[in-house]
Structure formats: structure tokens, C-alpha cells
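Working notes for the structure below.
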Amino acid sequence: MNIAIIGTGNVGAALGSALSNVGHKVVFGVRNLDSPKTRKAAEAIPNAIFDKLDVAIASAETIIIATPPEAVLDLVDLIKENNSKIIIDTTNSIRTKPEPYPTAFHALKDLAKTEHVVKCFNSTGFENMKMPVYHNIGIDMFAAGDSKLAKQVAEKLALEIGFGACYDFGGDDKVELLEKFALSWINLAIMQGHGRNLAFKLLKR
């Protein structure tokens, strides 16, 4: 699968590396190929491919948004031109929001007029995206949104990189709940001091 990742921070780098390792063609879309930020990202992400933002988005089948949530407002026009593609929103509107929208997911759906958008890869730390296996058990991922197709793609990618399951968290009405669920991980890992090497696993009797 051709995948464009928008965002070269910890989450984007972790997903890019993991997805490349299982055979997907991953291209990081950036505004300036010669910027210090891009050069720094290229040094930090081995074997990464970088291209201009519009080229990366146009050539991708799936677009992963791993930017600060408010940054999606600057991506709307490009995504609107490619709104038949799968969009995976990994962001959490904790400190900032794409005003006046509560989440990047809602901004993308309304402004870019795209239906195939899913909230996923937002509920755990980037370390767990690099290595989602604890004691030979794959940890769990969750996906929310109305698009069945986007959820199927997100689940496929999650399983391919080692997650044990990717649970359907509900439709568009559960996107904000899934972001709040992410706060549970942040609370335990950081605020309560348990460390970032912890993860969620759903058990059934």
C-alpha cells in the first residue's frame, strides 16, 4: 500500500518505520524538502522517503495525519482535492484544537468533505507503535468513525505491525470519547508516573 504520513514527530516516525518494515511504501509529506526540520527528521528516520506535501498526498492510497491537531486546517485544501482516499487521524486535541472544531477528525470531515476518515493510533504512546508486543502478546488498538472502509484499513495496518487486535470503538459520535480514552494512557503513563512502557489489553471471560 502507498501511504503518506503527514508529520515527522515521534508518532509519525514510529508508524512510518513500522509500516515500512512490513512492506508498505511510506512517504513523508513535507512543505519544504530543504528545511532544517526536514533534514533533522531525515537523520532521525532511517531509510525514510520525503517528498513535497502535495505529491505525497496525491500518490498515496492512505494518508496518516500525525501533526498537532490544529495543523489540519492548513491541510484541508490538499486533502479536499484527494478526498476519496483513506484518512487516518492519529491526533488528540488535548492542549490545542482546530478551532472551532473539537477535534482534527471533525475538521477534516467538515472542511475537506471526506467520508473515509477514521480515528486510530491515538490511544497509546509512540513507543508502543514501534513495539506493540508485551511478553509475546500483542496489545490492543482502537478505531472510531462511521466509515467501515477506513476502519478496515486501520485495522489491517494495526494487525500488520503487531497489534493483537483493533477494536471498533464506535462511529463518529465516539471519536471524542476515544480521544478521552487516550488521556487515560497519558494519565497513567505520565501523570501517575507508571512510565511509558504500559499498554491496554481487552480481556473477555
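Some values worked out for this structure:
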| read-out | value |
| --- | --- |
| Semi-axis lengths (Å, descending) of the ellipsoid that matches the C-alpha gyration tensor of the chain | 24, 20, 17 |
| Of the DSSP H helices in the chain, those whose Cα atoms cover at least 15 Å axially and whose Kyte score averages 0.0 or more | 10-21, 175-186 |
| The chain - mean residue ellipticity at 222 nm from DSSP helices (-39,500 (n - 2.57) per run, n ≥ 4, rounded to 500) | -9500 deg cm²/dmol |
| Relative contact order, percent, the chain [alpha-carbon distance under 8 Å, six or more residues apart] | 17 |
| q = 0.18, 0.20 Å⁻¹, region 81-181: log10 I(q)/I(0) [Debye, one scatterer per Cα] | -0.81, -0.97 |
| Highest average packing first - 5-11, 119-125, Cβ atoms within 10 Å | 119-125, 5-11 |
| Footprinting exposure proxy for T114, T96 (fewest neighbouring C-beta atoms within 10 Å first) | T96, T114 |
| Computed over region 1-85: relative contact order in percent, which uses C-alpha pairs under 8 Å that are six or more apart | 38 |
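Quick note: the coordinates plus some simple rules give every number you see, no bench work behind them. Predicted, not measured: the structure shown is a model, and the values here were computed from it. Quick reminder, even Gly has a Cβ in these numbers, built from the backbone with ideal geometry, and neighbours come from all protein chains shown.
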